[in-house]
Amino acid sequence: MMVQQAPQSARYQPPVYRNCYSTVIRAVDARYDIRGYLLAELVMLCLKNRATVPLSRRAYYERFVQP
């Protein structure tokens, strides 16, 4: 008899990812003036790409984020 696993929810995120996300959001929000939705997108993108913004997306974010 084969045991079936319940499918993971698409909304489920491991606690480590959520903790990293929360820590980065708080630190960046306190230091830079950037809109919330852009900050959230940028942080998620960086967490997925080993703390870097892909070259293909840099031009887009450079318009909104000051160096």
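The values are calculated or read from the model by the stated rules, or taken from the named source; none is laboratory data. Values in this document were obtained by computation on a predicted structure and should not be read as measured data. Glycine gets a Cβ as well: all are built from the backbone with ideal geometry, and neighbour counts include every protein chain shown. Areas reflect the complete protein model, heavy atoms only, side chains present, ligands, DNA and RNA absent. Shrake-Rupley method; radii C 1.70, N 1.55, O 1.52, S 1.80 Å.
Scanning the stretch 35-67 for residues that are surrounded by 13 or more Cβ atoms within 10 Å (Cβ to Cβ), of a type outside the set (A, V, I, L, M, F, W, C) and under 20 Å from Arg18 (Cβ atoms) yields one hit, Glu41.
Checked against the criteria, Val16 counts as open to solvent by 70 Å² or more (accessible area, probe 1.4 Å) and under 14 Å from the mean Cα position of the chain (by Cα).
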